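Novice: Got a structure for you, written out below as structure tokens; questions coming shortly.
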Amino acid sequence: RITPDIDRRLLTVKAELSETEPGDMVEVSVYDKERLVGVGKSINNELVEVMMPEDMKLWSPESPFLYTLRVTLKQNGTTIDKVNSYAAMRKYSMRRDADGIVRLELNNKALFQFGPLDQGWWPDGLYTAPTDEALLYDIRKTKDLGFNMIRKHIKVEPARWYTHCDKVGIIVWQDMPSGDRNPEWQNQRYFDGTEFKRSAESEACYRKEWKEIIDYLYSYPCIGTWVPFNEAWGQFKTPEIAEWTKQYDPTRLVNPASGGNHYACGDMLDLHNYPEPKMYLYDAQRATVLGEYGGIGLALKGHLWEPDRNWGYIQFNSSKEVTDEYSKYADMLYQMIGKGFSAAVYTQTTDVEVEVNGLITYDRKIIKIDENRVREINKRICKALEH
């Protein structure tokens, strides 16, 4: 369990040990390529703290630097187990800017986080990618298009996917996969209805699985935001779940309810609006983000799941029309950054079955937009808060 603290120049490692004896020593060596830059030791399964050098390298989408870790378990001076891993020095936080707007920060600098909604579906395997190269392709293409973030939507990926994100350099917003029934959904105002009540069994299942997801992904540097609920699906006890998430992992931001039902809790107010960006609510105490917008559709013959049944939030007939509309929405979004948006998520990376609003076809054969134009548009948005 790896925790970086860039402000204190400290890397903390908690080893999971199955069998221990009093006096067992855990030693953590940190390398910059082959150069040893820090060592820490502990006994009796205490935390290992490694002081990082003054010239430590920070991880970011622009420079996704990863340190190599070598973790050794010693018993009476003899090495009885060892494992290699990696870590990154990075920090996710928020701060109010000179205009009073709460901004997301990476490494204590404001960063507009912008990326696609990524559902991770494949025509030949549904939730299972055909190859590791296929997993990596979607991430690389997202980065190549100028995005700096991915919202992993209602899915938890294999461990390799997150390692690819760490290496490629892309921030991840991780959704909790939705379950249970759909309560009333209010997305244009703060929720004032009757909150959904899960059964004790359903609630226990949610809490168990959400904790397991956070435990599983805790040490991946790319994870920047936890998203426990989406569009009111199975949403319950929102302030309590948001507070538990923040307490359990204070190193990440918590987006309590992407698209509503909205409560004054967590780190973000997350609005959804299709097809164009719209800021119909604003929160002066938290970051205001556009958790979903876009959905510009283009159905390409020969690349459809069902040729006679498909949809996008708005449909066009050519790549140029789609790119023009994308550009129009991006200009609208850019203007709204100054008014208070601190992140945005475009729907979506690829087509998914009958949804044809992807930037790429479902079979990954055709990129549906003008890549060069979209790359320049996206880079401008990602740099909107740089000074």
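Novice: For every other residue with a beta carbon closer than 13 angstrom to the beta carbon of Glu184, add +1 if it is Lys or Arg and -1 if Asp or Glu, then tell me the sum.
Specialist: The answer is 0.
Novice: Still on this structure: Full extension from Asn372 to Asn44: what is 0.36 nm times the residue separation minus their Cα-Cα distance, to one decimal in nm?
Specialist: 112.6 nm
Novice: Report, in degrees rounded to the nearest 10, the 0 to 90 angle that the Cα long axis of helix 319-339 makes with the longest principal axis of the chain.
Specialist: Once rounded, one gets 60 degrees.
Novice: Around Thr72, what is the net charge, scoring Lys/Arg as +1 and Asp/Glu as -1 over all other residues with Cβ under 10 Å from its Cβ?
Specialist: Counting the neighbours of Thr72, the net charge comes to +2.
Novice: Which pairs in the list Lys152/Lys211; Lys91/Lys339; Lys91/Lys155; Lys152/Lys339; Lys91/Lys383 are over 21 Å apart, alpha-carbon to alpha-carbon?
Specialist: Lys91/Lys339; Lys91/Lys155; Lys152/Lys339, as the Cα separations exceed 21 Å there.
Novice: Here is a follow-up. How much length is gained on full extension from Glu306 to Leu17, taking 0.36 nm per residue of separation minus their Cα-Cα distance?
Specialist: 99.0 nm is the gain from fully extending Glu306 to Leu17.
Novice: Just grab the label-to-label distance for Thr251 and Met279, each label 7 Å out from Cα along the Cβ direction, in nm (one decimal).
Specialist: 3.2
Novice: How much length would be gained if the chain were fully extended between Lys109 and Ser327, taking 0.36 nm per residue of separation minus their Cα-Cα distance, in nm to one decimal?
Specialist: So the extension gain works out to 75.8 nm.
Novice: Report the far tail of the P(r) of the range 102-181, meaning the percent of Cα-Cα pairs longer than 17 Å.
Specialist: When every Cα pair of the range 102-181 is considered, 49 percent fall beyond 17 Å.
Novice: Let me ask something else. Between Lys211 and Asp144, what is the spin-label point distance in nm, taking each point 7 Å from the Cα along the Cα→C-beta axis?
Specialist: 4.3
Novice: Restricting to bridges with both residues inside the chain, how much of the DSSP beta-bridge set is antiparallel, in percent to the nearest 5?
Specialist: Bridges in the chain that DSSP calls antiparallel: roughly 55 percent.
Novice: For an R0 of 35 angstrom, estimate the FRET efficiency from the Cβ-Cβ distance between Ala98 and Tyr127 and round to the nearest 0.05.
Specialist: 0.20
Novice: Hey, another quick one. Once you've got the GNM for the chain with C-alpha springs shorter than 10 Å, pick whichever of Asp24, Asp351, Asp370 has the biggest mean-square fluctuation.
Specialist: Highest fluctuation among the options: Asp24.
Novice: Go ahead and collect, in residue order, the members of the range 116-153 whose backbone nitrogen is under 13 Å from a label point 7 Å along the Cα-Cβ direction of Asp363.
Specialist: 123-124
Novice: Can you tell me the 0 to 90 degree angle between the C-alpha axis of helix 132-144 and the longest principal axis of the chain, rounded to 10?
Specialist: For 132-144 against the chain, the angle is about 70 degrees.
Novice: Which net charge results when you count Lys and Arg as +1 and Asp and Glu as -1 among the other residues whose beta-carbon is under 9 Å from that of Lys246?
Specialist: -2
Novice: Per the Debye formula with a single identical scatterer at each Cα and no solvent contribution, what log10 I(q)/I(0) holds for the chain at q = 0.10, 0.12, 0.15 Å⁻¹?
Specialist: Treating every Cα as an identical point scatterer, log10 I(q)/I(0) equals -0.68, -0.96, -1.40.
Novice: Rolling a 1.4 angstrom probe over the protein heavy atoms, how many square angstrom per residue are accessible across the chain?
Specialist: Dividing the accessible area of the chain by its residue count gives 44 Å².
Novice: Within the chain, what whole-number % of the accessible surface is contributed by carbon and sulfur, with the 1.4 Å probe and all protein chains included in the calculation?
Specialist: Exposed carbon and sulfur together represent 50 percent of the surface.
Novice: Let me ask something additional. Taking all pairs of different Cα atoms in the range 62-111, averaging 1/r and flipping that mean, what Kirkwood radius in angstroms comes out?
Specialist: About 14.1 Å for the range 62-111.
The values are calculated or read from the model by the stated rules, or taken from the named source; none is laboratory data. Bear in mind the structure is a predicted one, so any value in this text is a computation, not a measurement. Because the Cβ atoms are built from the backbone with ideal geometry, glycine has one as well, and the counts that use them run over all protein chains shown. Accessible surface is based on the protein model in full, side chains and every heavy atom, while ligands, DNA and RNA are left aside. Shrake-Rupley method; radii C 1.70, N 1.55, O 1.52, S 1.80 Å.
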